[in-house]
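The values are calculated or read from the model by the stated rules, or taken from the named source; none is laboratory data. The structure displayed is predicted, hence computed values, not measured ones. Note that each Cβ is placed from the backbone with ideal geometry, even for glycine, and that neighbours are counted across all protein chains shown. Note: areas computed on protein heavy atoms with side chains; ligands, DNA, RNA excluded. Shrake-Rupley method; radii C 1.70, N 1.55, O 1.52, S 1.80 Å.
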Amino acid sequence: MATKSFRPVTRETSALVRERGLRAVMVTLVGGVIELRAKGLRSRETVDVAWCYYAAVKQRVAFERSERLRTASGAKRRAR
């Protein structure tokens, strides 16, 4: 079983954004919420962890579906 997160944990990521210059993205995990901000700036974007999970699943399913359709249409072309 994993340890639950009760205290805020902040890390600097290797991701870069153009926000008043090129800056690293800082991530803070607080309970079930992810806070994102550009390093050195105060403005934060807050995202629910459950929403991130469902968005990732939805994106994966859409990609797999497009791949299936692409390979199916390619097979049809080769069969002609």
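Assorted remarks:
- Whole-percent pair-distance distribution, where bins are 10 Å wide, for the alpha carbons of the chain: 16, 29, 25, 16, 11, 4, 0
- Rolling a 1.4 Å probe over the protein heavy atoms leaves Ser43 with an accessible area of roughly 70 Å².
- Accessible area of the chain divided out per residue, in Å², using a probe of 1.4 angstrom: 90
- Förster-model FRET efficiency, 22 Å R0, Leu36 and Glu64, C-beta, rounded to 0.05: 0.25
- Theoretical gain in end-to-end length, Arg7 to Ala50 [0.36 nm per residue, Cα-Cα removed]: 13.7 nm
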